[in-house]
Amino acid sequence: MSYADQVFIANIKNILENGVSSEGMNVRPRWEDGTPAHTISVFGVVNRYDLSKEFPIITLRRSYWKTAWDEIAWIWQKKSNNINDLGSHVWDQWADETGSIGKAYGYQMAKKYPFPEGMSDQVDHVIWQLQNDPASRRIMTNMYNFEDLHEMALAPCAYSMTFSVKGNKLNAILNQRSQDMIAANNFNVVEYAMIVYALASAYGFEPGELVHCVADMHIYDRHIEMARELIQNPTYDAPKFWIDPNVKNFYDFTKDSFRLDGYQYSEFNHKIPIAV
């Protein structure tokens, strides 16, 4: 069993045993048939992953790590808010007729601000700090921009990263306001772990911890039986992670810059409905 499996199972059990239902409350999300999408949820979950020991991917079912990198590249490299620049269809339900998701995600990462190195966007500034001021306690990004929320198709769920160099290890905290456990949990963990691996490798650090902080961790009502079934699946050891050591610029990483050797996973063929 991978460590990520252990964390995932513990989170699911915690929600199933201790979660509070939103039944009786007015909720925003709807299922495709228009029915309100209620959840059972817990508040204030903190999960820690030591990236120096193991790549944090579940084996309970397949986690699509290349698709995860594609989404991260869309936001952090291309800095796009248009699904026509994205290789997957995970954002199709939130896009307008032009493919735009509004002033969300990549749009926020592309905005330039006056920093010590000149006008720079958030990703460029993180890279500049890692290279020039790694002791800084201000190495962070934030996509939850209140002045633009009304023009976002969906307010960012995973909205903030804070980086911290300790010794020669690059650590990070991922802050997330909302987490759909079945559809997105390990996908998000894999995404932001790969950012840490990539930045560490490119700029001379070792990968440290990824700390994942979630305000509202939930299971949707139509996912509950899936969740119970999923955590009964067989598990396997974590795969071995490889990153191309020759890539020395974050923007040069592609999905082919990474490899998971020996990734085994259980089959889980349910179609997971998404509430919008």
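The values are calculated or read from the model by the stated rules, or taken from the named source; none is laboratory data. None of the values given here were measured: they were computed from a predicted structure. Using ideal geometry, Cβ is built from the backbone for each residue, glycine included, and neighbour counts are taken over all protein chains shown. The area values use the complete protein model at the heavy-atom level, side chains included, leaving out ligands, DNA and RNA. Shrake-Rupley method; radii C 1.70, N 1.55, O 1.52, S 1.80 Å.
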- Task: Take TRP65 and decide whether it is in contact (Cβ under 8 Å) with a residue 12 or more places away in the chain, among the aromatic types (Phe, Trp, Tyr) and open to solvent by less than 20 Å² (accessible area, probe 1.4 Å).
- Result: no
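From ASN175, ASN186, grab the single residue that is closer than 18 Å to THR67 by Cβ and within 14 Å of the chain's Cα centre (by Cα). Before you say what the answer is, go through the steps one by one.
On the way: ASN175 fails: closer than 18 Å to THR67 by Cβ.
So the residue among ASN175, ASN186 that is closer than 18 Å to THR67 by Cβ and within 14 Å of the chain's Cα centre (by Cα) is ASN186.
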- Query: For region 220-231, which residues satisfy the criterion of being in a helix (DSSP H, G or I), open to solvent by less than 80 Å² (accessible area, probe 1.4 Å) and over 22 Å from GLN6 (Cβ atoms)?
  - Reply: ASP221
- Query: Could you say which residue among GLU23, GLU17 is surrounded by fewer than 12 Cβ atoms within 10 Å (Cβ to Cβ), modelled with pLDDT of 95 or more and assigned to a loop (DSSP other than H, G, I, E, B)?
  - Reply: GLU23
- What are the residue pairs meeting all of these: first residue in region 218-234, first residue farther than 20 Å from ARG62 by Cβ, second residue surrounded by fewer than 17 Cβ atoms within 10 Å (Cβ to Cβ) and among the hydrophobic types (A, V, I, L, M, F, W, C), Cβ atoms under 7 Å, and 6 or more apart or on different chains? ARG222/TRP31
- List pairs: first in region 235-254 and more than 17 Å from VAL126 (Cβ to Cβ), second open to solvent by 70 Å² or more (accessible area, probe 1.4 Å) and not in a loop (DSSP other than H, G, I, E, B), Cβ under 7 Å, 6+ apart or cross-chain? ALA238/TYR3; TRP242/ARG259
- Item | Residues satisfying the stated conditions in region 129-146, i.e. open to solvent by 20 Å² or more (accessible area, probe 1.4 Å) and under 23 Å from the mean Cα position of the chain (by Cα) | ARG137, ARG138, MET140, ASN142, TYR144, ASN145, PHE146
- With the first residue restricted to region 35-51 and required to be under 17 Å from ASN11 (Cβ atoms) and loosely packed, with under 15 Cβ neighbours inside 10 Å, and the second required to be of a type outside the set (Gly, Ala, Ser) and modelled with pLDDT of 95 or more, Cβ contacts under 7 Å at 6 or more apart or on different chains are PHE43/ASP216; VAL46/VAL211; VAL46/CYS213; ARG48/GLU209; ARG48/VAL211
- Task: Run down VAL211, VAL165 and say which single residue is closer than 24 Å to ASP244 by Cβ and of a type outside the set (Ser, Thr, Tyr).
- Result: VAL165
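Scan region 27-60 residue by residue and report those that are of a type in the set (A, V, I, L, M, F, W, C) and within 19 Å of the chain's Cα centre (by Cα). Let's see the steps before the verdict.
Of region 27-60, the ones of a type in the set (A, V, I, L, M, F, W, C) are 27, 31, 37, 40, 42-43, 45-46, 51, 55, 57-58, 60.
The answer is VAL42, PHE43, VAL45, VAL46, LEU51, PHE55, ILE57, ILE58, LEU60.
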- Message: Can you tell me how many residues within region 73-119 are in contact with a helix residue (DSSP H, G or I) (Cβ under 7 Å, 6 or more places away or on another chain), open to solvent by 50 Å² or more (accessible area, probe 1.4 Å) and aliphatic (A, V, I, L, M)?
- Response: 1
- Query: Which residues, taken from region 232-276, are surrounded by fewer than 16 Cβ atoms within 10 Å (Cβ to Cβ) and in a strand (DSSP E or B)?
  - Reply: LYS240, TRP242, ARG259, ASP261
- Query: Can you find even one residue in region 6-26 that is within 18 Å of the chain's Cα centre (by Cα), of a type in the set (Gly, Ala, Ser) and under 22 Å from GLU191 (Cβ atoms)?
  - Reply: no
- Item | Per-region count, region 193-206, residues out of contact with any Asp or Glu (no Cβ under 9 Å at 6 or more places or on another chain) and either open to solvent by 10 Å² or more (accessible area, probe 1.4 Å) or free of Cβ contacts under 8 Å to residues at least 40 places away in the same chain (or both) | 5
- Select from region 1-18 the residues that are of a type in the set (Val, Ile, Thr) and out of contact with any Pro (no Cβ under 9 Å at 6 or more places or on another chain) and list them in ascending order. ILE9, ILE12, ILE15
